[in-house]
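J.: Have a look at this one before I ask anything.
The values are calculated or read from the model by the stated rules, or taken from the named source; none is laboratory data. This structure is a prediction, so every number in the text was calculated from the model and none was measured. Using ideal geometry, Cβ is built from the backbone for each residue, glycine included, and neighbour counts are taken over all protein chains shown.
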Amino acid sequence: MINSFFGFEMGRRALDYCRRGFETAGHNISNAATEGYSKQRVEASTTDPFTEPGLNRPALPGQIGTGVKIDAIVRLRDQFLDLQYREESTVKGYWDVMTQALDTLETFVNEPHGESVRVGLDDFWSALQEVSKRPDDTSARQNLITKSDTLGVYLESLSRNYDEYRNGLNGQVSLKVKEANTYIDQIAALNVTISEIEGVGGNPNDLYDRRDLMAEKLCSLIDAEVGSPCDTTDGEYKIYLGGRTLVQGDKARHLELVPVPGNQGYYDVQVEDNTFDHVSDLDVLSVIIDQQAPEAVHSVSVERLATETAWSVGGAQINGAIGRLPVSDPDSAMNIEGTLRLQVGTSGVRATGKQLDNQTGSPILLKAPGGDDPTEHVFRIASQDLKDMPGNPDEMYVTLEWNSGTSEWELSSRCGNTTSATVGVGQEVSLDDLQSFLQNDTGVGGRLNVMVESSGTVDRLVVRSGDDHLLSFSDMKGDFLSSVVGLKNDSPEVTIEIEDGDSLRTIANKINSSYKAGDGAPSDPSQWLRAEIKTDGSGDYYMVLESNSIGEANRINIMGSDKGDTYAARRLGLMGGTATEYSTEVITSSTDAMLMVNNDKFLSSFNEFRQARAIGPSDGYQASEMTEASKGIEFQLKSTGNSSIRIEHHVKGGQIRSMLEVRDDVILEHMANFDEIAYGLASEMNAVHYAGHGTGNYANVTGTAFFESIGQMKGAAGSLTVNRELKIAPAMLATAAGDGSGKTKGEGDGGNAINMAQLKQAKVLDGDSSTFNEYYEDFIARLGVQSQRAQSMQSNQTALVDQIQQQRQSVMGVNIDEEMMDIMKFQQGFNAISRYVTTLDEMLDKIINGMGRVGM
């Protein structure tokens, strides 16, 4: 039987429900503007009815309801929308930073209407054009020098601003990592509190909201993944970064700032307990790794380092009748005559001769001479592979001479002071004879690999460097090697005729003015050199030749006449030794760095590089094509040895990723563009300027640099400045061309100024595909496209995140009107149930106090 007080318990429950609903609505309204707050609702259900079915069930007509009960106070959230919001917030954070960064870089560039590099280039070309029109005008010369320096200031300022901004971004990365770690710690701490409350049956909705808000802020910084509730098997709240656990319950792993030595010590961001070194042996090399570089582990073997020097020859010791002449006055006649042949270049690490018919056996290269046929041929093979040979370090001379006494050709070789045994080969010299001698009898076995390559009906002589140094071939007497065998350097060869009345300065002028002197003349800075007159300090002058470009590929090859006469070369100090030798007097040699990356070989003129020259069949082993040694890596070689490079990006999204990408990819790429402009302009201008004559007291002077020499491309934008000598003496500005005899065409001649001005139209940058202005304009266009794309992506992503947030707010957001309706509903319910309890109380009062009293 139901107790008489049954209704009071039902009323109590209903009053409690209405009160809790009323309070929850008030809590919602109080937090309507609180960030991350989720609307809460009281979930209620009917209590168990009276009575439950059973055999001892009282005889009642049916079940009687017992009222209402509160199951829980829950947050209203959509887990799918939350997942979308976190993912898209990561993308939005990335584009927010990228847009802001590119906007800053556009401010530095100051295009299209500000004082900028483009304005500097235009003013520079205009000043050059004016000098070509008025080469003898002092004001025009001074204006060119001023405009050139201004261009250098623009480039230096732009490069410096970029570098400072890059440093600032590195500091921002540090701050953002600290912020991310704060969120990680807060989430882990909340997990502890939440776990305690849940352990005693509580439902900490507000703490859930705080935790979700921290997770969303963390996802804006990095591409973190929040474990889904349906994936939880151990009941712990988890956050991952690329599969690495950041938060698991009360345990937290922080992001760590790991300095990268090769990247100026700038930070890489890694996960605690998962940190690694990018380079296994920093004594061998260090690196800068782009954020876009593919993840991998690369093996690197550094075989040798680059000397980072230019080739220079000359200055042989004065040695009586066969050595360098003493010169006390560089403008006095040297009283020597002869021919000097010069060439700058090599033939790669593997050279292949021309095809020779082998249908009747080994191709015949020479037959018994008759009539006016030459009876002696001398050629030179030069390579750094020959450094260990006695005497001259890297040149070998091979002689083929007809012995009329024995009626046979004899082969011999000489390297420095060491001469090989003479080998007689009979009245004919076959390709096999030459190959056998070069491979087995010259003493260079192992340093050079000489073989005959057969293909069908043709044979070809192949020479391969034993240690992947560059090879150089020169005919010293005759043309046997180039014409018969087909081994020669591809670069232009220049012949200088030295006449009896030529002075040392006149000869130097002839050499310098050969640059761009007509068809077949050297037209690229790497193909030529400059002649400079120096003094030993004791009143003796001598000539030194120095290649325009740094690197082993720019070897200077000194030759006499095609008849083998080297008298002029030796008297100038360019060749040394006895009258029968052809050795080049090398002051400074150059060696390229050689390294192997994942079994691919590369050569580089510098120890710090991003692009190197691949050694392979794509260009016939010329090692001339520039390519990235490994995508996204800038190498900094320190010593020979083996190392590995590990590329692994822990952070792949969010604001921190964007900062790293701007710092290491975007800014460095832009700075490389500025460096290429400065380095290319200095190289091209200097090469042309060396060839020209000054005016006034400097009318007979060539070989003057226009810009101060820049050793390597990296950092060139901060070093472009006009040669100090020109600032002091503008008359040294080499506007006049040479007349071919070592003299100027006249002070009013602007031939060389025209050559300099024509550089405006010369395609010398970006693999000889762009002029200076085109290259810079292309950079501006790419920057504009980058910025426009970033703005578009940011706008689209902002709209997407806002849309998802609106959908989320439709579920979790507090609607004041809706809450007011709930307040009214629960108020009315409370009033009604209160009336119910009051009525029940009156009924019980009647029963208790009135029943059994008649008349009452």
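J.: Just checking, how many residues over the range 657-682 are farther than 19 Å from residue 157 by Cα, out of contact with any Phe, Trp or Tyr (no Cβ under 9 Å at 6 or more places or on another chain) and not acidic (Asp, Glu)?
T.: 1
J.: Only residues in the range 296-313 that are farther than 13 Å from residue 711 by Cα count as the first member; pair them with residues that are at pLDDT below 95 and charged (D, E, K, R), Cβ under 6 angstrom, at least 6 apart or cross-chain, and list the lot.
T.: Partner pairs satisfying both residue conditions: 313/585.
Residues checked against (1) in contact with a strand residue (DSSP E or B) (Cβ under 9 Å, 6 or more places away or on another chain); (2) among the hydrophobic types (A, V, I, L, M, F, W, C); (3) more than 30 Å from residue 164 (Cβ to Cβ):
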site: 593; (1), (2), (3): yes, yes, yes
site: 602; (1), (2), (3): yes, yes, yes
site: 608; (1), (2), (3): yes, no, no
site: 612; (1), (2), (3): yes, yes, no
site: 665; (1), (2), (3): no, no, no
site: 669; (1), (2), (3): no, no, no
site: 680; (1), (2), (3): yes, no, no
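J.: Still on this structure, please answer the following. When both residues are 6+ apart or on different chains and their Cβ atoms are under 6 Å apart, which pairs have a first residue that lies in the range 365-381 and is more than 10 Å from residue 402 (Cβ to Cβ), and a second that is among the basic types (Lys, Arg) and not in a loop (DSSP other than H, G, I, E, B)?
T.: From residues that are more than 10 Å from residue 402 (Cβ to Cβ), the pairs are 378/477.
J.: A further question on this structure: So, in the range 608-666, exactly how many residues are over 21 Å from residue 295 (Cβ atoms) and of a type in the set (A, V, I, L, M)?
T.: 6
J.: Given the criteria surrounded by 19 or more Cβ atoms within 10 Å (Cβ to Cβ) and more than 30 Å from residue 263 (Cβ to Cβ), does residue 738 qualify?
T.: Numbers: surrounded by 19 or more Cβ atoms within 10 Å (Cβ to Cβ): yes; more than 30 Å from residue 263 (Cβ to Cβ): yes.
Judged against the criteria, residue 738 is a match.
J.: Now, a different point. Show me the strands (runs of 3 or more DSSP E) found entirely inside the range 225-286 where at least 2 residues are over 20 Å from the mean Cα position of the chain (by Cα), without any contact (Cβ under 8 Å) to a residue 24 or more places away in the chain and over 27 Å from residue 89 (Cβ atoms).
T.: Values: elements: 238-241, 244-248, 255-259, 267-271.
Where strands (runs of 3 or more DSSP E) fall fully within the range 225-286, none carries at least 2 residues being over 20 Å from the mean Cα position of the chain (by Cα), without any contact (Cβ under 8 Å) to a residue 24 or more places away in the chain and over 27 Å from residue 89 (Cβ atoms).
J.: Here are some residues: 688, 651, 701. Which one is in a helix (DSSP H, G or I), of a type in the set (A, V, I, L, M) and touching a residue at least 12 places away in the same chain (Cβ under 8 Å)? Break it down into steps so the answer makes sense when it comes.
T.: On the way: 651 fails: in a helix (DSSP H, G or I); 701 fails: in a helix (DSSP H, G or I).
From the options 688, 651, 701, the qualifying one is 688.
J.: Based on what the data block shows, is residue 133 without any contact (Cβ under 8 Å) to a residue 12 or more places away in the chain, of a type in the set (Lys, Arg) and surrounded by fewer than 17 Cβ atoms within 10 Å (Cβ to Cβ)? Full working, then the answer.
T.: Working: without any contact (Cβ under 8 Å) to a residue 12 or more places away in the chain: no; of a type in the set (Lys, Arg): yes; surrounded by fewer than 17 Cβ atoms within 10 Å (Cβ to Cβ): yes.
Taking the combined requirement at face value, the residue does not satisfy it.
J.: In addition: Given 313, 378, 398, which one is buried (at least 17 other Cβ atoms within 10 Å of the Cβ), not assigned by TED's automatic domain parsing to the domain that holds residue 428 and not in a loop (DSSP other than H, G, I, E, B)? Break it down stepwise before answering.
T.: Values: 378 fails: not assigned by TED's automatic domain parsing to the domain that holds residue 428; 398 fails: not assigned by TED's automatic domain parsing to the domain that holds residue 428.
Going through 313, 378, 398 in turn, the sole match is 313.
J.: Go over the candidates 815, 849 one by one and state the one that is more than 30 Å from residue 706 (Cα to Cα) and loosely packed, with under 13 Cβ neighbours inside 10 Å. First the steps, then the outcome.
T.: Numbers: 815 fails: loosely packed, with under 13 Cβ neighbours inside 10 Å.
After applying the criteria, what remains is 849.
J.: Looking at 526, 513, 538, which one is free of Cβ contacts under 8 Å to residues at least 24 places away in the same chain and hydroxyl-bearing (Ser, Thr, Tyr)? Break it down into steps so the answer makes sense when it comes.
T.: Numbers: 526 fails: free of Cβ contacts under 8 Å to residues at least 24 places away in the same chain; 513 fails: free of Cβ contacts under 8 Å to residues at least 24 places away in the same chain.
From the options 526, 513, 538, the qualifying one is 538.
J.: Go through (1) farther than 30 Å from residue 799 by Cβ; (2) outside any helix (DSSP H, G or I) for residue 77 and report which single condition fails.
T.: The number of the failed condition is (1).
J.: Would you say residue 141 is out of contact with any Gly (no Cβ under 9 Å at 6 or more places or on another chain), closer than 27 Å to residue 785 by Cβ and either crowded, with 19+ Cβ neighbours inside 10 Å or free of Cβ contacts under 8 Å to residues at least 40 places away in the same chain (or both)?
T.: Details: out of contact with any Gly (no Cβ under 9 Å at 6 or more places or on another chain): yes; closer than 27 Å to residue 785 by Cβ: no; either crowded, with 19+ Cβ neighbours inside 10 Å or free of Cβ contacts under 8 Å to residues at least 40 places away in the same chain (or both): yes.
So residue 141 fails the test.
J.: Are any residues in the range 327-375 part of a strand (DSSP E or B), of a type in the set (Val, Ile, Thr) and crowded, with 19+ Cβ neighbours inside 10 Å, and if so, which ones?
T.: The answer is 344, and nothing else.
J.: Please go through the range 267-293 and pick out each residue that is of a type outside the set (D, E, K, R) and touching a Gly at 6+ places or on another chain (Cβ under 7 Å).
T.: 284, 286, 287, 288, 289, 292, 293
J.: Being surrounded by fewer than 23 Cβ atoms within 10 Å (Cβ to Cβ) and modelled with pLDDT of 95 or more narrows it down to one residue among 622, 636; which is it? Step through it out loud before you land on a result.
T.: Details: 622 fails: modelled with pLDDT of 95 or more.
Criteria check complete, one pass: 636.
J.: Oh, and also: Could you list, in sequence order, all residues of the range 374-396 that are modelled with pLDDT under 90 and not hydrophobic (A, V, I, L, M, F, W, C)? Outline the logic, then answer.
T.: Pass one, the range 374-396, residues modelled with pLDDT under 90: 384-396.
Scanning the range 374-396 gives 384, 385, 387, 388, 390, 391, 392, 393, 394, 395.
J.: Further question: So, residue 549, is that one under 26 Å from residue 386 (Cα atoms), of a type in the set (Ser, Thr, Tyr) and buried (at least 24 other Cβ atoms within 10 Å of the Cβ) or not?
T.: On the way: under 26 Å from residue 386 (Cα atoms): yes; of a type in the set (Ser, Thr, Tyr): yes; buried (at least 24 other Cβ atoms within 10 Å of the Cβ): no.
Spelling it out, it is not the case that residue 549 is under 26 Å from residue 386 (Cα atoms), of a type in the set (Ser, Thr, Tyr) and buried (at least 24 other Cβ atoms within 10 Å of the Cβ).
J.: Counting only residues that are buried (at least 19 other Cβ atoms within 10 Å of the Cβ) and not in a strand (DSSP E or B), how many does the range 582-606 have?
T.: Final tally of qualifying residues: 9.
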